[in-house]
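**Q** Below you will find the structure I want to go over with you.
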Amino acid sequence: MLGSARVPGRLRALVPLSWPSLALVGLVGIPFLLLIRISLAPPDPNGLWSAGTSIAAYSGLMDRPFANALLYSFGLAILVAAMGVSLGFPLTFFITRMRRGWQVLWLIFLLATLTLSDVLIAFSWQVMLSKRIGLANLPVKLGLMEQAASLTPSFGAVLGNLIYLVLPFTVLTLYPTLSQLAPELIEAAKTLGASPVVAFRTVVLPLTKRAAAVSFLISAVLTLGAYVAPLVLGRPRNWTMAVLIGNAALAGHNVPRASAMSVCLLIAALILTGGTVWIARGRGRR
Amino acid sequence: MIARAARLSFLVILAAFLAAPLVIVTGVSFNHEARMNFPPEHLSVLWYGTFFADSGWRSAFGRSLGIAALASLVSVSIAFPIAYSTWAYGSRLARWLEAVARMAFLLPVIVLAIIYLVFWSWLGHPGRIENTILSHAVVFVSLPLTTIALGFRSVDPALIEAARTMGARDGDVLRRVLNPLLLPYVVAGMIFVFILSLNEYIIAYMVAGFEVETLPIKVFNSLRMGFQPSMCVGAVLFMVVGILCFSLVAAIGDLPKLLGGSAR
């Protein structure tokens, strides 16, 4: 028996949970509340924050550039997640229809891309898009550019890099559901005269909608939090909230401001979550 | 026929897209000159020598491996009891804890970085290696929680029934029956945390970046100071570690099943 024989039944279930409770309350719950508290503290130019309460950090955010940055980050997250899922969904579908050996190979390959830090991925994109590497000559050959120039920093580089980062996560979240999707179901729909598009819409989509929503959400949140890619591959006007938050904390030494910005970003993430859940549910009723 | 060709070219293009950074970083690491030439002009392993001769790079590499290993152990120690209590007792507290763990994973990383910057400073404990380890352990706990819960779900109830009929108690069932069955799922969860912790930059930087320089932090710092091929060596080493880990999992377990796919 777990714990000791003297511990009554109900308590017995609680004993193994004491360490996880301590860890999660102490290291997630309390720090989370602390963030909200510090966002309401006055800044201290010589330290991190000072005692007392003030809404200075929030009122300092009531301007046009901040609203634009927040909207831009929000839009970028939706764009990246939508593109990530629309590439990741067919990719995962094809992988699940492959032979076992190929599936394992693809999965190891996708997991291997996770072993490169986003710092290194951003760096390799910088190399890949630099003037020295052949890729920059491609637009010249296609007549899109006068002469070879570095393709970074640019919005396209940030977008491409972020899609790269979310792609393995979309596959990993879609894989369980798509893998368990019985091929007979699609066959049956086709036998009954459904075109591939109709079969997809009426059979595949309703069964995989939940997984697709989770995959979209994880990609969007990953993008909202991405710091390195926009910083390294973008111009200042391509910087997302994540970069601005990092700058406020590291360069600006204004921790209350960084905290208040984080709270705003969290609200954006919550709206995104709510919206995704709402859309996923709404489609289910039809 | 056309559909097949379209599918094949889609897969080839995506594979090339995904492989490009891995190939470029590997290529640049074999350059002879200290330049980011690709493809490398004169092949050499010069920078591998430089990497291991430089105590700065070596210690950053070792430190990252140590942090990742400890974070994955702590993470599993939190995740396993939660998954067990949910499975064995349908505990409501366990479900609450799971929700907290999931929430931590669904926060934007930059927000987590600020949260832990504030938290460890508030405790008067900034710049310590424990901060990085514990922060990574709780941020990524959702992953072992997912794989271990998947493991519990895959256990055949008849096995547990049989063990109980033969007089096994909870502890015996856990030790003799569940542990061997769950081992691959636990290892898979640990490896996920290990890999993500190894590569995580912004949280590590915010909680202790000046004192505890991990490899991603060192790479980022040297990126700002100018290019050194040694950083690509570090990347290649991480890739090799990662691919070895995942291949090991695929060899001892059923990788598609561990990731939640259908059984063979």
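**Q** Using only atoms on other chains, find how many Cβ atoms lie within 10 Å of each Cβ of peptide B:20-32 and report the average.
**A** 4
**Q** A further question follows. Let me know the charge dipole size of chain A about its Cα centre in debye, to the nearest 20, where only the beta-carbon of Lys, Arg (+1) and Asp, Glu (-1) is charged. All intermediate terms of the calculation are to be shown ahead of the outcome.
**A** Working: 22 positive and 6 negative charges, 160 e Å.
Computed charge dipole of chain A: roughly 760 debye.
**Q** Near the amide H of A:W49, under 5 Å away, which other amide H atoms are found, from residues 5 or more places off or on another chain, if H is placed in the peptide plane?
**A** A:D44
**Q** I've got another one for you. What is the magnitude of the charge dipole of chain B about its Cα centre, with +1 placed on the Cβ of each Lys and Arg, -1 on the Cβ of each Asp and Glu, and no other charges, expressed in debye to the nearest 20?
**A** I would put it at about 540 debye.
**Q** How big is the stretch B:107-263 by the Kirkwood estimate over distinct Cα pairs, in Å?
**A** Taking every pair of different Cα atoms in the stretch B:107-263, averaging 1/r and inverting gives 18.2 Å.
**Q** Which of A:A260, A:A41, A:A51 moves the most in a Gaussian network model of chain A with Cα springs under 10 Å?
**A** A:A51
**Q** Just the Kirkwood number for the stretch A:189-241, please: inverse of mean 1/r across all distinct Cα pairs, in Å, one decimal.
**A** Hydrodynamic radius (Kirkwood, Cα only) of the stretch A:189-241 equals 14.0 Å.
**Q** Output needed: percent of Cα pairs per 5 Å distance bin for the stretch A:144-286, bins running from 0 to the one holding the longest distance.
**A** Computed distribution, short to long bins: 2, 9, 13, 14, 15, 13, 10, 9, 8, 5, 3, 1, 0, 0.
**Q** Shifting gears a bit: Using a/c under 1.5 as the rounded threshold, could you call the stretch B:190-232 rounded, prolate or oblate? The axes a ≥ b ≥ c are square roots of the C-alpha gyration tensor eigenvalues, and prolate needs a/b larger than b/c, oblate otherwise.
**A** Since a/c reaches 1.5 but b/c is at least a/b, the shape of the stretch B:190-232 is classed as oblate.
**Q** Right, next: Compactness ratio of chain A: Cα Rg over 2.2 N^0.38 Å, N = residue count?
**A** 1.26
**Q** A further question follows. With springs connecting C-alpha atoms under 10 Å apart, model chain A as a Gaussian network and identify which of A:V80, A:V204, A:V228 has the largest mean-square fluctuation.
**A** The residue with the greatest mean-square fluctuation here is A:V204.
**Q** Could you work out the mean count of beta carbons from other protein chains within 10 Å of each residue's beta carbon in A:164-173?
**A** Partner Cβ neighbours, averaged per residue: 2.
**Q** Size of the stretch B:116-183 along its principal axes in angstrom, Cα-based, largest extent first?
**A** Each principal axis gives a Cα extent; for the stretch B:116-183 these are 54, 20, 15 Å.
**Q** From the Cα gyration tensor of the protein assembly as shown, with a ≥ b ≥ c the square roots of its eigenvalues, which class applies: rounded if a/c is under 1.5, or else prolate if a/b is larger than b/c, or else oblate?
**A** Rounded, because the longest to shortest axis ratio a/c is under 1.5.
**Q** Right, here's the next one. Quick one: helix B:2-29 against the long Cα principal axis of chain B, what's the angle to the nearest 10°, folded into 0 to 90?
**A** 60
**Q** Still on this structure: Seen from all sides and averaged, what is the projected area of the convex hull of the Cα atoms in chain B, in nm²?
**A** The number I arrive at for chain B is 19.0 nm².
**Q** Using θ = phi - 60° and the Karplus curve 6.51 cos²θ - 1.76 cosθ + 1.60, what whole-Hz ³J(HN,Hα) does each residue of the stretch B:227-244 get, with Gly and Pro shown as x?
**A** 6, 10, x, 4, 5, 5, 4, x, 4, 4, 4, 4, 4, 4, 4, x, 5, 4
**Q** May I pose another question? Can you tell which of B:A204, B:F238, B:I252 lies farthest toward the positive end of the dipole of the stretch B:199-264, using +1 and -1 charges on the Cβ of basic and acidic side chains (Lys, Arg; Asp, Glu)?
**A** Farthest along the dipole direction, towards plus: B:I252.
**Q** Kirkwood-based Rg over Rh for the stretch B:55-124 (C-alpha set), two decimals?
**A** Result for the stretch B:55-124 is an Rg/Rh of 1.10.
**Q** May I pose another question? For the stretch B:253-262, in order, what is each residue's ³J(HN,Hα) by Karplus, 6.51 cos²θ - 1.76 cosθ + 1.60 with θ = phi - 60°, in whole Hz (x at glycine and Pro)?
**A** Whole-Hz 3J(HN,Hα) from phi for the stretch B:253-262: x, 9, 3, x, 6, 5, 8, x, x, 6.
**Q** Still on this structure, I have one more. In the calculated pair distance distribution of the stretch A:226-286, what percentage of Cα-Cα distances lie above 15 Å?
**A** Tail of the P(r) past 15 Å holds 61 percent of the pairs.
**Q** What ³J(HN,Hα) values, in whole Hz, does the Karplus curve 6.51 cos²θ - 1.76 cosθ + 1.60 give for the stretch A:106-119 when θ = phi - 60°, with x put for Gly and Pro?
**A** Result, rounded to whole Hz: 4, 5, 4, 4, 5, 5, 5, 5, 6, 7, 9, 4, 4, 4.
**Q** In addition: Mind checking the mean number of beta-carbon atoms from other chains within 10 Å of the Cβ atoms in B:70-77?
**A** The per-residue average across the peptide is 1.
**Q** Using alpha-carbon pairs under 8 Å, 6+ residues apart, how would you state the relative contact order of the stretch A:61-285 in percent? Don't skip to the end; give the middle numbers.
**A** Values: 221 pairs, mean separation 63.8, N = 225.
Relative contact order of the stretch A:61-285: 28 percent.
**Q** Run the dipole for the protein assembly as shown about the Cα centre, Lys and Arg Cβ at +1, Asp and Glu Cβ at -1, nothing else charged, and hand back the magnitude in debye, nearest 20.
**A** My answer is approximately 1400 debye.
**Q** If you don't mind, there's one more thing I want to ask. For the stretch A:61-285, with the dipole built from +1 on Lys and Arg beta-carbon atoms and -1 on Asp and Glu ones, taken about the Cα centre, which of A:I271, A:L76, A:F93 lies farthest toward the positive end?
**A** Positive-end residue among those listed: A:F93.
Taken together, the values in this text are just the output of simple stated rules run on the coordinates, not laboratory data. None of the values given here were measured: they were computed from a predicted structure. Here the Cβ is made from the backbone with ideal geometry for all residues, glycine too, and neighbour counts use every protein chain on show.
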